[in-house]
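The next block holds one structure in the form of structure tokens; read it before the comments.
The values are calculated or read from the model by the stated rules, or taken from the named source; none is laboratory data. Nothing here was measured: the structure is a model prediction, and the numbers come from that model. With ideal geometry, Cβ positions are generated from the backbone for all residues, glycine too; neighbour counts draw on all protein chains shown.
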Amino acid sequence: MALRIKATNPQDLLTKIKAGIDEKRIETWRYITNANGDYFTHVTPNKQWEGKAWLKPSVQEDQLVFNIVRPEGKNVSKKAYAVYHGRFAEMILAHFDNEFTTVWATALAKPGDLV
């Protein structure tokens, strides 16, 4: 269950996503940074999806990969998986369409996913 974004400069794209959140241009995502890296969660005014899952980015040669991570002590539901991947892809398309060529989600868990 990974979201993959093919980009010429994946590190730059990740930096721009975080800046968009910090500058409040992207209002439905937030991220935290700890010793293990960055984690993104989906936020809405009614807090329906906040903390239901986390997306952990990793930079690869020509891709920015977001693995899904379950909240502590819980599992990620299929619905939460669909919402997180779909809405993150939507945000990328709406804000960064000139920064990448392809975005896609895998259907099943992949190495790095913690569901």
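General remarks:
- Among the residues listed as D22, D12, D38, the single one being over 18 Å from G86 (Cα atoms), under 12 Å from the mean Cα position of the chain (by Cα) and of a type outside the set (A, V, I, L, M): D38
- Positions within segment 65-115 being among the aliphatic types (A, V, I, L, M), at pLDDT 90 or above and loosely packed, with under 12 Cβ neighbours inside 10 Å, in sequence order: L93, A94
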